[in-house]
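The values are calculated or read from the model by the stated rules, or taken from the named source; none is laboratory data. On a predicted model such as this, the values are computed, not experimentally measured, just so you know. All Cβ positions, glycine included, derive from the backbone under ideal geometry; neighbour counts span all protein chains shown.
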Amino acid sequence: MKKGSAGDDVLGLGGDEDEIETDDVEEPELQEPAPDFEDEPTNPDLDSADDLVGEPAHAGASDSGVPWVYTRDNVQQDRDMVQFYLRRFVQEAEGDFVDAVGEQLGTDVSKTDVREAAYVAAMRDPEIVAKELERWGFEGE
């Protein structure tokens, strides 16, 4: 399977995204364990998971229905560069997250693919994002 090169700087952080200096970084302590969303319902206000984000074109007329991941030339194909600002603890956890997703799939997967998939998955269930923001201190009216 094709994947992005380790030097892809999709976050605009400069340098090799796999090399993050952690000498002076303190690990943040979570006040409570991460919530378990496995058994929680999706947002009932949405008619379908695609109300917020549509399905990408996985296959075009010219590729006979072959999934996009196999027909693309590189990990950046059909993607625009969008800059995200991430706190250090998120950047440090990202490698383990990418590895865990790869283990679930049984194959290597690029950070770029995992980032986009995670963002799409979050868009399909805004409730889990709202719960995380509440843990950070955001409050409703």
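Summary table below
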item	result
Test: Glu116 is without any contact (Cβ under 8 Å) to a residue 40 or more places away in the chain, within 22 Å of Trp136 (Cα to Cα) and surrounded by 15 or more Cβ atoms within 10 Å (Cβ to Cβ)	no
Single residue of the range 94-113 satisfying the filter (free of Cβ contacts under 8 Å to residues at least 24 places away in the same chain and exposed (fewer than 14 other Cβ atoms within 10 Å of the Cβ)) that is nearest to Val69 (Cα to Cα)	Leu105
Which numbered condition Gln83 misses (of (1) surrounded by fewer than 13 Cβ atoms within 10 Å (Cβ to Cβ); (2) closer than 20 Å to Val69 by Cβ)	(2)
Single residue of Glu29, Glu55, Glu103 found to be within 19 Å of Trp136 (Cβ to Cβ) and either modelled with pLDDT of 50 or more or out of contact with any strand residue (DSSP E or B) (no Cβ under 6 Å at 6 or more places or on another chain) (or both)	Glu29
